[in-house]
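Below is one structure, written out as structure tokens; comments come after it.
The values are calculated or read from the model by the stated rules, or taken from the named source; none is laboratory data. Predicted model, so just to flag it, every value in this text is computed and none were measured. Glycine gets a Cβ as well: all are built from the backbone with ideal geometry, and neighbour counts include every protein chain shown.
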Amino acid sequence: MALARRAVLLAVCFLALKLVSLRFVYAPLNSALLWLPAGLSLAFLLRSPRRMWPVLLAVIFGVEAGTAALNGFPARVAVAWGLGNVLRTLVGAALMNRFVGGPVRFHRVREVAGLLVLGGLVGTLPSATLGAGASALWVGTAPFWEEWWAWWLSDLLGTVLVAPVLLTWWPVGRKPLERGRLVEMGALLSLVAGVTLFIFHRPGTSEQDVLATLPYAAFPLVIAAALRLGARGASSASAVMGGLAVAYTGQGHGPFGMLPVSTAERVMSVQVFLAVLSLTALTLAAVVAGRRRAEVAQRVLAATGAVLAESPDWGATLPRVARLIVPELCAGAAIWLVDAQGLVERVAAAGWTAEREAGLRGRFPPLPRGPRRWRNPGGSGVLVPLRVRGQVVGALALVADGETRPLGHRDVLLAEDLAHRCAMALENARLLDEAHEAIDARDEFISVAAHELRTPLATLTLRVQSLMTQLRRAGTEEARLEKLGLIFRQVERLTGLVESVLDVGRVNAGTLELRREHVDLSALVEEGVARFADDAARAGCELRLRMEPPHVWAWLDRGRVEQALGHLLGNAIKFGIGQPVDISLTEVDGRARLTVTDHGIGIPGDAMERIFGRFERAVSSHQYGGLGMGLFLTRRIAEAHGGSIRVESAAGTGTTFVLELPLAPRPARRPEESQPQPGA
């Protein structure tokens, strides 16, 4: 039924356009100077499945031969003309399908070139040869070459002027124009019609120099149609202008109508002008469409990179990549990977169907070693490998339906770029997994080693304390006690490092517990400063403490806050050697603010956030000791209390750490208030 409707539609349209074209037959020629059915028949074949071609070609032959016979031409002339129309249509459509691909919508420059060269210059040769030969042999009104030239040029112009209109408006897998675009199209075509009437409806005058330049006023409008509305706008504007220009030129109006030549040559001249204008506009529209496709491809590549960078979980990111590709770049996309057992498994797909899967049979598997591209009546496709360190670990397929633009060489390059990005994401995910495994192994080793060191260090601490007590009782001289005290401090330092390592493990495992109580933070800070007095003296640092108000109460874990304060004071003394260290405690906006400021080497700007990471340092460990755990634990302790820590510094200007902790509700009775008052 569809074939019958299409055949009837072709017959009616072919006959109607032939009747219009016969108005442009000028003696002594037997051919029309503008053969509109040439573009119509070519467009019908390009938009029809190959199985319909025999019937449609038979319709073309029947209409052409039948009307020629009815007009009184000999049967052999009618047959030759009908056969010429069939061969012109068949050769042009076959060549364009073979070398241009389909569907032709003039979104590529090669489609415009294919229409001109294959459909126009080459496809019209059989028709011109048979038509001119039959006319010269059996009609004999004009020489063969004169007839051949007119016949060939009329078929060429009809192809160039009519086929683009039908091919751009014939719906093939594309959405209809939005209302706003339709309004813009109508306004632009009305303007084109008005300008054309102004140029070509004017009667001829003696001032041919001025009149001859008027046709160039049409170029901006047709170019604007191409830029704003693409190939549809370009072909429609050219058709409106062409219809009016040819009609008025035949009546002797306009710039071409007053040329000092025959009417046939005037009509031929204006058609050549219109064909050049139409091809120029179509080429410009194709260039713009190609640029837009390139912009879309760049956006997809950028979005793909962003998606792959969001997460190392390729099981979640690769499906998102497939959804980015479809429908922006093609109709369907799929990604396969080789699993641990060596089997190829599809891990992502979008717009993928069983038919597209079946279309890969014979091409995949096995995994491709290089890019593969194919085209068949059902569509086209690209298959490229995913390579990681020279090994093929998967494949990416892009497919296009027969109703969309066939995938070409540029699509292969684009698919390879996408595959490379996906492969890099897979490799990064693998390296990240290996890094996590190495970190887990390191943390486990450190935790085990710390636990193993904890017991002997505790024993050593007790023995040193006991020995110091015995020596004091025995009246040992102070110099020896000082040396023993140095040993005790180093043992305490080792014990602190071991506890810090264990705390890092607790933080990573989420098991850092707080034993909160009401604590006088002022007293806690005073005690902490006192503990570091000897270390500060040895480093030549003066500890300057300022507290306002004298008592700041907070609900916190005393031991953890002492630990955080110890890390801050230790760093200030270490990096501010020979300079004073300022410590202040205040209440600000319902929070306790503890600041520790040194006047030492400072911290570079690029390291101010990094230093709070695990095992991170701002300077080399060869110059300043430490494992890079103190600030990491300090931040975690502050955050566990609902507080925060920040740093203010610059290289060579000293450093200020600001630790803020939430205050506690004021207790009903503070310890100092529990003493009986005099006179009570």
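Selection of first residues in the range 524-546 that are under 13 Å from Pro580 (Cα atoms) and without any contact (Cβ under 8 Å) to a residue 40 or more places away in the chain and of second residues that are assigned to a helix (DSSP H, G or I) and among the small types (Gly, Ala, Ser), restricted to Cβ pairs under 9 Å at least 6 apart or on distinct chains, gives the following pairs, ordered by first then second residue: Asp535/Gly570; Glu542/Ala536.
Only one of these conditions is not met by Leu191: (1) surrounded by fewer than 18 Cβ atoms within 10 Å (Cβ to Cβ); (2) more than 26 Å from Trp169 (Cβ to Cβ); (3) touching a residue at least 12 places away in the same chain (Cβ under 8 Å). Which number is it? In the conditions (1) surrounded by fewer than 18 Cβ atoms within 10 Å (Cβ to Cβ); (2) more than 26 Å from Trp169 (Cβ to Cβ); (3) touching a residue at least 12 places away in the same chain (Cβ under 8 Å), Leu191 misses (2) alone.
Where helices (runs of 4 or more DSSP H) fall entirely within the range 71-188, those with at least 3 residues that are among the β-branched types (Val, Ile, Thr) are at 75-99, 144-169.
Take the conditions (1) buried (at least 17 other Cβ atoms within 10 Å of the Cβ); (2) farther than 30 Å from Arg506 by Cβ; (3) not aliphatic (A, V, I, L, M); Asp557 misses just one of them, which is (2).
Of all the criteria given as (1) farther than 30 Å from Leu383 by Cα; (2) of a type outside the set (A, V, I, L, M); (3) out of contact with any Lys or Arg (no Cβ under 9 Å at 6 or more places or on another chain), the one not satisfied by Asp520 is (3). Restricting the range 1-28 to residues that are over 22 Å from Ala245 (Cα atoms) and not in a helix (DSSP H, G or I) leaves a set whose member that is modelled with the highest pLDDT is Met1. Inspect all residues belonging to the range 165-186 and state whether any of them is within 22 Å of Glu111 (Cβ to Cβ), touching a Leu at 6+ places or on another chain (Cβ under 8 Å), among the hydrophobic types (A, V, I, L, M, F, W, C) and crowded, with 21+ Cβ neighbours inside 10 Å. Yes, the range 165-186 has at least one match.
Pick out the one residue from Trp138, Trp148, Trp81 that is aromatic (Phe, Trp, Tyr), in contact with a helix residue (DSSP H, G or I) (Cβ under 8 Å, 6 or more places away or on another chain) and either within 25 Å of Ser235 (Cβ to Cβ) or surrounded by fewer than 18 Cβ atoms within 10 Å (Cβ to Cβ) (or both).
Details: Trp148 fails: either within 25 Å of Ser235 (Cβ to Cβ) or surrounded by fewer than 18 Cβ atoms within 10 Å (Cβ to Cβ) (or both); Trp81 fails: either within 25 Å of Ser235 (Cβ to Cβ) or surrounded by fewer than 18 Cβ atoms within 10 Å (Cβ to Cβ) (or both).
It is Trp138.
In the range 21-57, which residues are of a type in the set (Val, Ile, Thr) and under 50 Å from the mean Cα position of the chain (by Cα)? So that I can check it myself, show each step before the final result.
First, pick out the residues of the range 21-57 that are of a type in the set (Val, Ile, Thr): 25, 55.
Within the range 21-57, Val55 is the sole residue that qualifies.
Scanning the range 233-249 for residues that are hydroxyl-bearing (Ser, Thr, Tyr) and surrounded by fewer than 24 Cβ atoms within 10 Å (Cβ to Cβ) gives Ser236, Tyr248. All conditions but one from (1) in a loop (DSSP other than H, G, I, E, B); (2) touching a residue at least 24 places away in the same chain (Cβ under 8 Å); (3) farther than 15 Å from Ile645 by Cβ apply to Arg617; the one that does not is (2). Restricting the range 473-493 to residues that are surrounded by fewer than 15 Cβ atoms within 10 Å (Cβ to Cβ) and closer than 24 Å to Phe632 by Cβ leaves a set whose member that is modelled with the highest pLDDT is Gln490. Residue-level check: of (1) more than 30 Å from Glu434 (Cβ to Cβ); (2) of a type outside the set (D, E, K, R); (3) surrounded by fewer than 16 Cβ atoms within 10 Å (Cβ to Cβ); (4) at pLDDT 90 or above, Gly252 misses just (4).
Got a number for residues in the range 380-414 being in a helix (DSSP H, G or I) and in contact with a Lys or Arg (Cβ under 9 Å, 6 or more places away or on another chain)? Please lay out each step first, then the result.
We begin by selecting, within the range 380-414, every residue in a helix (DSSP H, G or I); these are 409-414.
From the residues that got through so far, the ones that are in contact with a Lys or Arg (Cβ under 9 Å, 6 or more places away or on another chain) too are 409-412.
So the answer is 4.
A count restricted to the range 313-349 and to residues that are assigned to a helix (DSSP H, G or I) and among the aliphatic types (A, V, I, L, M) stands at 6.
Which of the residues that make up the range 442-451 are loosely packed, with under 13 Cβ neighbours inside 10 Å and more than 13 Å from Leu494 (Cα to Cα)? It would help to see each step written out before you state the result.
From the range 442-451, those loosely packed, with under 13 Cβ neighbours inside 10 Å are 442, 444-445, 448-449; that's our starting set.
Scanning the range 442-451 gives Arg442, Glu444, Phe445, Val448.
Screening the candidates Ala523, Ala536 for the property of being small (Gly, Ala, Ser), part of a helix (DSSP H, G or I) and touching a strand residue (DSSP E or B) at 6+ places or on another chain (Cβ under 7 Å) yields one hit, Ala536.
Checking the condition closer than 18 Å to Asn571 by Cα and touching a helix residue (DSSP H, G or I) at 6+ places or on another chain (Cβ under 9 Å), which residue from Asp520, Asp534 passes?
Values: Asp520 fails: closer than 18 Å to Asn571 by Cα.
Step by step, each of Asp520, Asp534 is checked, and only Asp534 is closer than 18 Å to Asn571 by Cα and touching a helix residue (DSSP H, G or I) at 6+ places or on another chain (Cβ under 9 Å).
Looking at Cys422 and the list (1) in contact with a Gly (Cβ under 9 Å, 6 or more places away or on another chain); (2) modelled with pLDDT under 90; (3) in a helix (DSSP H, G or I); (4) not acidic (Asp, Glu), which single condition is not satisfied? Looking at each condition in turn, Cys422 falls short on (2).
Listed by first and then second residue, the pairs linking a residue in the range 265-282 that is under 11 Å from Ala245 (Cα atoms) to a residue that is among the hydroxyl-bearing types (Ser, Thr, Tyr) and at pLDDT 90 or above, with Cβ atoms under 8 Å apart and 6 or more places separating them unless they lie on different chains, are Leu274/Ser238. Residues that are surrounded by fewer than 15 Cβ atoms within 10 Å (Cβ to Cβ) and within 20 Å of the chain's Cα centre (by Cα) within the range 327-369 comprise Pro327, Glu328, listed in sequence order.
State which residue is nearest to Ser644 (Cα to Cα) when the search covers only the range 567-590 and only residues that are touching an Asp or Glu at 6+ places or on another chain (Cβ under 7 Å) and surrounded by fewer than 17 Cβ atoms within 10 Å (Cβ to Cβ). Working first, answer last.
We begin by selecting, within the range 567-590, every residue touching an Asp or Glu at 6+ places or on another chain (Cβ under 7 Å); these are 572-573, 575-576, 579-581, 586.
Narrowing the set further to residues that are surrounded by fewer than 17 Cβ atoms within 10 Å (Cβ to Cβ) leaves 580, 586.
Working: Pro580: 25, Thr586: 15 Å.
Once the filter is applied, the top-ranked residue is Thr586.
When the range 22-61 is filtered for residues that are hydroxyl-bearing (Ser, Thr, Tyr), touching a Phe, Trp or Tyr at 6+ places or on another chain (Cβ under 8 Å) and surrounded by fewer than 20 Cβ atoms within 10 Å (Cβ to Cβ), nothing remains. Within the range 427-438, does at least one residue satisfy the condition of being at pLDDT 85 or above, under 30 Å from Glu357 (Cα atoms), in a helix (DSSP H, G or I) and hydrophobic (A, V, I, L, M, F, W, C)? Yes, there is a match, as at least one residue in the range 427-438 is at pLDDT 85 or above, under 30 Å from Glu357 (Cα atoms), in a helix (DSSP H, G or I) and hydrophobic (A, V, I, L, M, F, W, C).
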